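What follows draws every value from the coordinates through simple rules; no lab data is involved. Note that this is a predicted model, so its numbers are computed, not measured. Glycine also receives a Cβ, built like all others from the backbone with ideal geometry; neighbour counts cover every protein chain displayed.
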Amino acid sequence: MKRFLLSVALTALPSLAASAQEAGDAIRPLTLITQPEAAAPQEHQAAQIIADAWRKLGLTVNVRPLPGQEFNQVIWYERQRWDTTTWQMVGRPERSDPDELTYNLFVSANAANGYDFVGYNNPEYDKLAQEQREELDLAKRKVLLIQAQELINHDQPYGFEVHPENVVAYNKTVWDPASMVSQAGIGIRNTWTWINVRPLGAQQDVILNSVAPPTNLNPFNISGQQGSWAAEIVWDRLMRVGPEGLPEPWGAEKVERPDTLTVNVTLRHGMMWSDGQPVTIDDAVFSLTAPDIGDKAPMYKPFVRNIASVEATGPDTLTIKLKHPDAAFLVSSLSKLNLAPKHVWQPIFDDLKNKPQTAESIQEEHPVSSGPFRIVRASLNQEIVLEANPTHWSPPKIHRWIMRIMPNVEASLGALKSGEINFLADYTGDPQLLQDLAKSSPNIAVSQALDLGFKFIAYNERRPPFQDVAFRQALSALIDRTLLAEDAWGGAAVPANSWISPALAVWHDQGIVSRVPGGNLEAAQAILAKAGYALVDGKLHYPAGVKETTAPYH
Amino acid sequence: MRCSIPGCRSVRAARPVLRFLRDEPFAAVGAAIYAVIVAMAVFAPELAPYDPRAILRDGHRIARYLPISAAHWLGTTAGGHDVLSQLIYGARTALEVGLTAAVAVVAIGTLLGLLAGYLGGWVDKLVTRLADVVLGLPFLPFMLVLAALTAPGVRVVIVSVALLLWPNTARVIRSQVLSLRERAWVEAARVTGCSTGRIMFVHVLPQVLPLAALYGSVAIGWAILAEAAASFLGFGDPDSISWGVMLQNAYANQALGRGAWNWFTPPGLAIVLMVLAGFLISRGSEKLLFPRLAEP
Amino acid sequence: MARLIADRIGHLLLVLWVVTTLTFLLFRLMPGDPTLNFLSPSFTGETRAALLHGFGLDKPIWEQYLIYLGQLLHGNFGQSFLQNAPVSQILWDALPNTVILTLVSLCLAYAFGIVAGAFLAFRRGGLAEAVAIPVALATRAAPEFWLGMLLLALFAFQLGWFPTDGAVSPGGSLGSLGQRLLSGDFWWHLCLPALTLTLFLQGLPLLLMRATMLEVLNDEFIVMARMKGLSRWSIVIRHAARNALLPVVTAFALGLGASVGGNVVIETVFAWPGIGRVLVQAVQGADYPVAQGAFIVIAFVLVVMNTMADLAYALLDPRVSVGARR
């Protein structure tokens, strides 16, 4: 009898084995949605590895690849339907300030239609996010952001995977390696490099590749990652994010913040549009206010939402009044909004007033811009050709910038080798191959830089058991981030446990990765046991009294 | 009235198969290839050394891109799966797609050809017109659109093959039926009161089945190639294990750049062999490959 | 004869009409949502509805059908969802590339196949035949993209003899049809895709030529036995020209029609900017008007070539006439 009681006592300690009567319903088969292997090999393989690990808990996990269109449709527009998915946030220069992601990803107001697509709702977090947005003092803001990261670490709304590294390569007999500019969280594939890169020989054109074609080239449209590379050097902005990740005046000569709600901008002299007209203060005012006109520029509207008014105060100066204090305004808005010519776009906006179309869909035949490059020719599915703008105050050293659309990764490698392209800017393939190429080809230099973005598993909190913090923590504890970085991403990634990348050294919570278990089955089981989950006949059940009321994904 | 013709039993549909194979060495090779593939499919669980979907480990790490070795006769993929196991299980999908599509094509084509050839008149005209419309639909584009319309996968391939590839079978069968119709015994059957239906299906059909079967063996090949093309273009079922999906994954993971010939070559060769087998079997009748030469 | 042509043309129009209607129905039932391409966090329901209205997707289906037919008759394929350009422009840009690729490959394949097939027919039995026939069949049995990738890896990546993709080198542009035909760069880019396609296509004319030549030769043997003093060559060649080539010509016409649609895979592997690639990208991006237009153009070419093959067959072969049925 004593031995029997002892063995019962032992099994009652934090381990999962239990009898059927004590446990709730069996947890339904869960579905982990991901991209097909051919579309995103790394994400797909990571999903397989993670699903394998989760099965050790006694869960039935199906990995379900969905093709691109359907993938977006289900995850973004059918938020009640899916359990969990792989997803990513891409690094852009404007995200050098963490505010955009801090606010959009986890603040509950964005749950229905916005970026909080997992449905995370924590009033304590909402408060932190709002405070950091309005805190202009760097040190105090950092404290708030650290707190936010620790809170997210505890709540695990995302199972963070890795921060990828951007791997690019170029021909170092064509381009002077010393003239490459590395931007924090971006790498050398950035605007500063395009302006600064120095040719070593006869070749004066940067020829780079892109995996996906942009949808159009329009200052009021964010046409995807690759389209942005071109748009960023064709249209200027009042400020730009510098190589260290901080905003610098660009189209503006001077930017001052006399108080938390006011921004004074002095426009640079002598800027010209490509149609010969000068850039005036009215153009600047227009560029800052046009996205707010109706719903004509929905992609940029959120970035002007906080603007109460913009007024020209002199031939070269304007004053912006904000509705609320905004610590990130210079980066997230002034470094993002394009300077567009009023004499071209005002009539377009007027014309669109009573039409359903937005300004995003307009494609000018000869786009008018004032940036360091001008559009010569854009055959969007094949190639975009830009030429240097000689009248720009910071003229490029190269003659042309040519982006070739090459959806085939192998072909782009071959093109680099053969010299058809001299800059491999968009490489989503196996980094090992690129390293091998660099070893065997003395012309090729490879550059690897930690990205601002991150990859993660999204837990849909609208569907049990994902609304339970303990369940999410257990799942995250099984994600072996080091293994993923080494094997799924072939070494071109670092483990992640925050939406703020280590590349943003100022804001990143040091050591946050070590504060979540990784690939640790015992830890996961302990978390579940403490929360009352039970293992019956090898299958994981809810805590006692909980019924399975959700239908499996299908 | 029960029909009775001297000697008009159900005519044996096929010549003795063995005699056929002996006379046609190419066909014998084709049949042997098919036999191997069927064996692979049926005995897959016994033959495959690993679960094709299992992620294999090399110590703590994933066993990616392992070269050919005693433990992995064809090495492993970028995701840590055993290539040989995937190849063996792929035979199942190949046979499933191939046989189903071939049976569908042959069934539809034979039926329509039989009806058109025997009944003539408006039936013939209708079938011919229908065949012309179907022949006006380009195969791969149609399959892609259909895959986008419904769902990518094996079913779409089978349906596309069945819907679009029957006309050639139908024409050939129709030709043969036209000539069979004039034979004395058919005339005799009619005179003694056999119903049209009975004549068509009990007497004429078995005569054309050998031709239909030979055509079916070619159709198996087209179906496999269609599945491979669909997978390559991203319209296959990413969840299935098939040779086409293996090729697409190898391509997407840059296996060729890696020099992983052990991954990329076997599925391609398997497809070649299986399709080739179908061609070889039908070598006995050249006209099957060039159906438009038959009486239009 | 005129009646035959008229009959065939009437037939052609009927098939075209059915095909365009089928295409219309097929695309209207597609589940893909083009507005997803503009995925944006601030995308409201109203904006989506506005987009759908702008593209005319909210009208009743019969009204869309009539508009569609009317536009087609004017050669207007509508406006691309993704590219802000008229579909017809995209199609007419791409179609010549496909046609040139197909024609060049077919001509090479047939030239090679005819000669090789005739050669094999003379060399009946023996090693050449035992090897050549399975090899020819094997090239036909291989997936095109697999052949293409192998050739690409060998000739473009490893040896560097040919470019890796596209139809022009970076920085250049395609220009008009005339300019393309005169551009050495264009032809250099054409080499590998054409080589792959030729390899894939040559099996058919080879076997076909061999088969028909064998028939012709058999006849000729009997005839020759009765004729003395006439050279074997002149009889065989004269007869071969008339009889053996007829099915080959027919097959060529059919091959042209079929290849235009079948080139989808080759064009994807080599990123050749032809109409097949346009179709695949349009389907993947749910760009309805472009996908629909590309499909119709491909079907159009196919149907026209089928008809021409029929006409060629009927005109060249005196044994066949349209009315000879039952």
Inset, instruction - Give the cross-link partners of A:K127 among the lysines, using a straight C-alpha distance below 30 Å as the criterion and excluding same-chain residues fewer than 8 apart. - result: A:K140, A:K142, A:K301, A:K321, A:K323, A:K336, A:K455, A:K530
Inset, instruction - Would you mind pulling out the separation of the Cα centroids of the stretch A:189-223 and the stretch B:155-204, in Å? - result: 64
Legend entry - Shielding by other protein chains, A:293-300, mean Cβ within 10 Å: 3
Inset, instruction - Enumerate the calculated ³J(HN,Hα) couplings along the stretch B:29-42 in order (Karplus 6.51 cos²θ - 1.76 cosθ + 1.60, θ = phi - 60°), each rounded to whole Hz, writing x wherever the residue is Gly or Pro. - result: 4, x, 5, 4, 4, 4, 4, 4, 5, 4, 4, 4, 5, 5
Legend entry - Under the Karplus curve 6.51 cos²θ - 1.76 cosθ + 1.60, θ = phi - 60°, whole-Hz ³J(HN,Hα) for the stretch C:59-73, x wherever Gly or Pro sits: 7, x, 5, 5, 5, 4, 5, 5, 4, 4, 4, x, 5, 4, 4
Legend entry - Modelled FRET efficiency - R0 35 Å, A:R198 with A:A438, Cβ distances, 0.05 increments: 0.95
Inset, instruction - Quickly estimate the mean residue ellipticity at 222 nm for chain A, helices only: each DSSP H run with n ≥ 4 gives -39500 (n - 2.57), and the total goes over all residues, rounded to 500. - result: -8000 deg cm²/dmol
Inset, instruction - Residues in the stretch A:501-527, backbone N under 18 Å from the label point at A:K142 (7 Å along the Cα-to-beta-carbon vector): list them, ranges by number please. - result: A:501-513
Inset, instruction - Would you work out the charge dipole size for the stretch A:137-206 about its Cα centre, treating the Cβ of every Lys and Arg as +1 and the Cβ of every Asp and Glu as -1, and quote it to the nearest 20 debye? - result: 260
Inset, instruction - Please state the charge dipole magnitude for chain A, taken about the Cα centre, from unit charges on C-beta atoms (+1 on K and R, -1 on D and E), reported in debye and rounded to the nearest 20. - result: 680
Inset, instruction - For a quick protection proxy, order the peptides A:243-256, A:293-306, B:191-204 by their average other-Cβ count within 10 Å, most packed first. - result: A:293-306, A:243-256, B:191-204
Inset, instruction - For A:D282 and A:Q88, calculate 0.36 nm times their separation in residues minus their Cα-Cα distance, and state this gained length in nm to one decimal. - result: 66.0 nm
Inset, instruction - Would you give the gap between the C-alpha center of the stretch A:466-512 and the C-alpha center of the stretch A:22-61, rounded to a whole Å? - result: 17
Inset, instruction - Grab the beta carbon distance between B:R198 and C:L25, set R0 = 41 Å, and tell me the FRET efficiency rounded to 0.05. - result: 0.60
Inset, instruction - Could you work out how far apart the two model spin labels at C:S176 and A:A178 are, taking each label as a point 7 Å from the Cα in the direction of the beta carbon, and quote it in nm? - result: 5.0
Inset, instruction - Putting +1 on Lys and Arg Cβ atoms and -1 on Asp and Glu Cβ atoms, find which of B:Q254, C:G255, A:G419 reaches farthest to the positive end of the dipole of the protein assembly as shown. - result: C:G255
Legend entry - Given charges at Cβ of Lys, Arg, Asp, Glu: chain A dipole, positive-most of A:H44, A:G276, A:L540: A:L540
Legend entry - Mean-position separation - Cα centroids, the stretch A:404-452 and the stretch A:82-102, in angstrom: 26
Inset, instruction - Using only C-alpha atoms and all pairs of different ones, pull out the Kirkwood radius for chain B in Å with one decimal. - result: 21.1
Legend entry - Cα-Cα pairs of the stretch A:68-224 separated by more than 19 Å (percent): 68
Inset, instruction - Starting from the amide H of C:G166, placed 1.01 Å from N in the peptide plane, find each other amide H under 5 Å away whose residue is 5 or more places distant or on another chain. - result: C:A271, C:W272
Inset, instruction - Choose one of A:A139, A:I188, A:Q149: the residue whose Cα lies farthest towards the positive end of the charge dipole of chain A (beta-carbon charges +1 Lys, Arg; -1 Asp, Glu; about the Cα centre). - result: A:Q149
Inset, instruction - Could you pull out every one of the aspartates and glutamates with an alpha carbon less than 20 Å from that of A:K296, ignoring same-chain neighbours closer than 8 positions? - result: A:D282, A:D283, A:D350, A:D351, A:E360, A:E364, A:E365, C:E46
Inset, instruction - Please give the length that would be gained between A:E248 and A:N121 if that part of the chain were fully extended, namely 0.36 nm times their separation in residues minus their C-alpha to C-alpha distance (nm, one decimal). - result: 42.2 nm
Legend entry - Contact order normalised by residue count of chain A, Cα under 8 Å, 6+ apart, percent: 27
Inset, instruction - Can you spot the lysines whose alpha carbon is less than 19 Å from C:K59's alpha carbon? Ignore those fewer than 8 places along the same chain. - result: A:K355
Inset, instruction - Only residues of the stretch C:256-293 count here: report those whose backbone N is under 13 Å from the spot 7 Å along Cα→Cβ of B:L149, or say none. - result: C:292
Inset, instruction - Compute the Rg/Rh shape ratio of the stretch A:243-376: radius of gyration over Kirkwood radius, all on alpha-carbon atoms. - result: 0.95
Inset, instruction - With springs only between Cα atoms under 10 Å apart, run a GNM on chain B and tell me which of B:V208, B:V36, B:V161 wobbles the most. - result: B:V36
Inset, instruction - Give me the net charge of C:F145's neighbourhood, meaning all other residues with Cβ under 13 Å from the Cβ of C:F145; Lys, Arg count +1, Asp, Glu -1. - result: -3
Legend entry - Over the protein assembly as shown, equivalent-ellipsoid semi-axes from the Cα gyration tensor in Å: 58, 38, 28
Legend entry - Approximate spin-label separation B:D58-C:K59, in nm, with each point projected 7 Å along Cα-to-Cβ: 6.1
Inset, instruction - Show the residues, 5+ positions off or on another chain, whose built amide H is closer than 5 Å to the amide H of A:I33. - result: A:R64, A:T84, A:T85, A:T86
Legend entry - 3J(HN,Hα) from dihedral phi, the stretch C:203-217, Karplus parametrisation 6.51/-1.76/1.60, rounded to Hz, x for glycine, proline: x, 5, x, 4, 5, 5, 4, 4, 4, 6, 4, 4, 4, 4, 4
Legend entry - Amide H within-cut-off set for A:Y459, under 5 Å, with H built and near neighbours excluded: A:G159
Legend entry - Cβ charges +1 (Lys, Arg) and -1 (Asp, Glu), total dipole of the stretch A:288-349, debye: 140
